[in-house]
Amino acid sequence: MEFIAQQRLDDGVLERGFTLGEVPGILWTPGSASAPVPLILLGHPGGLRRMYPRLVARARHCAAEGFAAATIELPGSGDRPRSAAAEEARADLHRALAAGEPVDDEIVDRLVLPLVEKAVPEWRAALDAILSLPEIGGPVGYAGGVIAIGVRLAAVEPRISAALLFAGSFVPRAMFEEARQVTIPLLVLLQWDDEGNDRQLALDLFDAFGSGEKTLHANMGGHTGVPHFEGDDGNRFFARHLR
């Protein structure tokens, strides 16, 4: 892990850009921290530069509650090499949605499964590096992003103690068995009128999770209409489970 940039934000949060091999990322730490702090991994749909305004807002919200936050670029996003197969699957997905047609499971598998297979080991490597820093002490939460990545991480990464998942992207049906293996506390957000998401599939996925504590927040509105109060609810959720 190599830090390549650093700035202090106006609320005192320290923001550091880093690279981990070919993978770029950002780490935010509270300015007032006097002891190692818990960490929240901030998932996103790809494109760190495009997503930066939303990511830094989420990170500052975390820091205000005493959490560090970190994110990495997804495979095939930003300046990372593109996959021809993924681009073809994404085009097929967009064509189906534009035509108002059901999205075939085969399209979802082609688009999402290779992403999960590559992204999850990268998230785990980033977690290794970040937890080696003296200012980061754990425990660890995961919040947002591509829900299939969150499902896999929650199932295989024992250092993640709780997860806030956004049911706003397609999930291969083969991953429902992995969802049954997830036992950590979960908070799942669902936009009821999400134009690019299968509501029933999202509800079925929530039902499949094996967690003894799982909560579903369903709000009216489209994909980008998540209410601001969900950020406060998310912080309260992590405060219960990461301290």
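The values are calculated or read from the model by the stated rules, or taken from the named source; none is laboratory data. These numbers were taken from a predicted model, which means no experiment stands behind them. Counting neighbours? That spans all protein chains shown, and the Cβs are built from the backbone with ideal geometry, glycine included. Note: areas computed on protein heavy atoms with side chains; ligands, DNA, RNA excluded. Shrake-Rupley method; radii C 1.70, N 1.55, O 1.52, S 1.80 Å.
Taking Cα centre as origin and charging only the Cβ of basic (Lys, Arg, +1) and acidic (Asp, Glu, -1) residues, the dipole magnitude of the chain rounds to 660 debye. To the nearest 0.05, what FRET efficiency results for Ala35 and Ala98 with a Förster distance of 30 Å applied to their C-beta separation? Efficiency for this residue pair is about 0.05.
Kindly identify the chain as rounded, prolate or oblate by the Cα gyration tensor criterion: order the square roots of the eigenvalues as a ≥ b ≥ c, call it rounded if a/c is under 1.5, otherwise compare a/b with b/c, prolate if a/b is larger, else oblate. Prolate, because a/c is 1.5 or more and a/b exceeds b/c. A Förster radius of 30 Å combined with the Cβ-Cβ distance from Ala218 to Ala91 puts the calculated FRET efficiency at roughly 0.50. For Ala239 and Arg82, the difference between the fully extended length at 0.36 nm per residue and the C-alpha to C-alpha distance is 52.8 nm. Computed with a 1.4 Å probe over protein heavy atoms only, the accessible surface of the chain comes to 46 Å² per residue.
The angle separating the long axis of helix 84-98 from the principal Cα axis of greatest extent in the chain is about 60 degrees. Summing charges over all other residues whose Cβ lies under 14 Å from the Cβ of Val13, with Lys and Arg as +1 and Asp and Glu as -1, gives -1. Placing a label point 7 Å from the Cα of Thr19 along the Cα-to-Cβ direction, the residues of the range 123-148 whose backbone N falls under 20 Å from that point are 123-130. Relative to the longest principal axis of the Cα atoms of the chain, the long axis of helix 48-64 makes an angle of roughly 50 degrees. Counting charges near Leu187 (Lys, Arg +1; Asp, Glu -1) among other residues having Cβ under 14 Å from its Cβ returns a value of -1. Taking the protein heavy atoms of the range 1-121 in the context of the full set of protein chains, the accessible area attributed to carbon and sulfur is 53 percent at 1.4 Å.
Solvent-free Debye calculation, one equal scatterer per alpha-carbon of the range 145-205: log10 I(q)/I(0) at 0.29 Å⁻¹ equals -1.38. Charging the Cβ of each Asp and Glu at -1 and of each Lys and Arg at +1, and nothing else, the dipole of the range 121-243 about its Cα centre rounds to 360 debye. With R₀ fixed at 35 Å, the C-beta to C-beta distance from Leu203 to Asp11 puts the FRET efficiency at about 0.40.
Per-residue surface analysis assigns Asp232 an accessible area of about 70 Å², computed on protein heavy atoms at 1.4 Å probe radius.
Could you tell me how many degrees, from 0 to 90 and to the nearest 10, lie between the Cα long axis of helix 199-208 and the main elongation axis, the longest principal axis, of the Cα atoms of the chain? Roughly 60 degrees between the two axes. Shape class of the range 165-243 from the Cα gyration tensor (axes a ≥ b ≥ c, square roots of the eigenvalues): oblate, since a/c reaches 1.5 or more and a/b does not exceed b/c.
With a ≥ b ≥ c the root eigenvalues of the C-alpha gyration tensor of the range 1-115, is it rounded (a/c under 1.5), prolate (a/b larger than b/c) or oblate?
Numbers: a/c = 2.98, a/b = 2.21, b/c = 1.35.
Judged from the Cα gyration tensor, the range 1-115 comes out prolate (a/c at least 1.5, a/b above b/c).
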